[in-house]
């Protein structure tokens with residue numbers, strides 16, 4: 001989830017849980033909302049890891065700062081900091097509850113996306129996520145804004161904020177139902193195509209909760225399709241269609257769905273030999289751990305180096321020029337393999 005949406009969700013939760021009567025041991029309402037806003041944004045301070053390097057970012061983003069195990073510690077430290085900033089007019093424990101809730105709703109907001117969150121770090125580095133919600137969901141953000149706007153209009157009542165949270169939970173539950181419908185459609189395709197024991201997943205996509213990418217994987221082979229669960233006819237684009245319409249147009253009615261074939265190591269013997277060797281390199285362990293739906297993007301032979309490039313289908317969005325988290329291994333002649341990141345289709349950057 002984007003950081004602004006996280007922060008707004010923290011403010012909404014802070015308003016919904018505000019006590020009816022304030023006293024010397026509770027926070028003024030305005031400060032409570034501000035603390036909820038800031039606390040719910042705080043876990044994303046781990047973005048600074050990206051300045052160390054892209055590999056470190058993939059290894060540690062949504063790790064320590066997103067851990068349920070460490071949440072009480074972070075809440076305590078931030079509550080102490082708030083007590084210092086506001087010159088001790090309230091004890092630290094007056095801040096603790098709203099800070100902890102802000103951190104908790106941030107973790108929940110990331111858990112529902114596909115990136116994966118290490119909620120049990122440091123006991124486990126497993127990335128968990130239910131994948132019901134796209135990382136930037138304007139409907140999700142809109143529900144939060146509506147709840148906050150209604151709370152501003154009815155300042156004395158927590159009801160609008162409580163209703164906003166209820167609507168938000170209902171929306172995510174609705175997305176979960178749609179995800180299951182997309183998976184069932186993929187399973188019907190597996191059965192009709194006689195693919196046997198294939199695994200089916202469905203990834204949320206932007207613009208509409210009805211837009212899904214369905215992935216069918218069997219061993220090292222994958223097929224994927226972009227569908228809209230409600231659409232009966234393809235979306236027809238006007239010549240001057242905006243970006244949102246162009247993003248939305250890629251998702252076809254189920255009856256007209258098109259499947260794209262992909263594989264982890266390539267189609268030809270030559271591709272497979274290069275891709276398998278590159279994939280198995282020790283420097284590539286981080287990507288083997290991170291990528292849940294890895295496929296081969298391409299193999300470059302002697303241009304000027306031999307490279308095998310991989311990408312994760314979870315992050316493929318039609319209409320987006322730069323596919324994130326595309327990595328590969330390259331070597332000159334029979335020299336050692338080196339790690340690179342690929343931006344766009346051609347700009348490769350060495351990763352040290």
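Observations, loosely collected:
- Residues located in segment 324-352, provided they are closer than 14 Å to residue 287 by Cβ and part of a loop (DSSP other than H, G, I, E, B): 324, 325, 326, 337, 351
- Residue in segment 246-260 that is modelled with the lowest pLDDT, counting only those that are surrounded by 15 or more Cβ atoms within 10 Å (Cβ to Cβ) and out of contact with any helix residue (DSSP H, G or I) (no Cβ under 9 Å at 6 or more places or on another chain): 247
- Test set (1) farther than 27 Å from residue 142 by Cα; (2) at pLDDT below 95 - residue 47 fails condition number: (1)
- The single residue among 128, 118 that is within 15 Å of the chain's Cα centre (by Cα) and surrounded by fewer than 20 Cβ atoms within 10 Å (Cβ to Cβ) turns out to be 128.
- Tabulated pairs, segment 96-117, first touching a residue at least 12 places away in the same chain (Cβ under 8 Å) and in the same structural domain as residue 289 (by TED's automatic domain parsing), second outside any loop (DSSP other than H, G, I, E, B) and surrounded by fewer than 23 Cβ atoms within 10 Å (Cβ to Cβ), C-beta under 9 angstrom, 6+ apart or interchain: none
- The residue of segment 261-278 that is nearest to residue 309 (Cα to Cα), among those that are loosely packed, with under 14 Cβ neighbours inside 10 Å and touching a strand residue (DSSP E or B) at 6+ places or on another chain (Cβ under 8 Å), is 270.
- When segment 324-352 is filtered for residues that are out of contact with any strand residue (DSSP E or B) (no Cβ under 6 Å at 6 or more places or on another chain) and within 25 Å of residue 202 (Cβ to Cβ), only 324 remains.
- Test: residue in segment 272-295 that is assigned to a strand (DSSP E or B) and not assigned by TED's automatic domain parsing to the domain that holds residue 189: yes
- Selection count where residues are in contact with a helix residue (DSSP H, G or I) (Cβ under 9 Å, 6 or more places away or on another chain), surrounded by 15 or more Cβ atoms within 10 Å (Cβ to Cβ) and in a loop (DSSP other than H, G, I, E, B), scope segment 91-115: 3
- Residue, nearest to the chain's Cα centre (by Cα), within segment 173-204, restricted to residues that are in contact (Cβ under 8 Å) with a residue 60 or more places away in the chain and surrounded by fewer than 20 Cβ atoms within 10 Å (Cβ to Cβ): 185
The values are calculated or read from the model by the stated rules, or taken from the named source; none is laboratory data. Predicted model only: the values in this text are computed from it and were never measured. Virtual Cβ from ideal backbone geometry, glycine too; neighbours counted across all protein chains shown.
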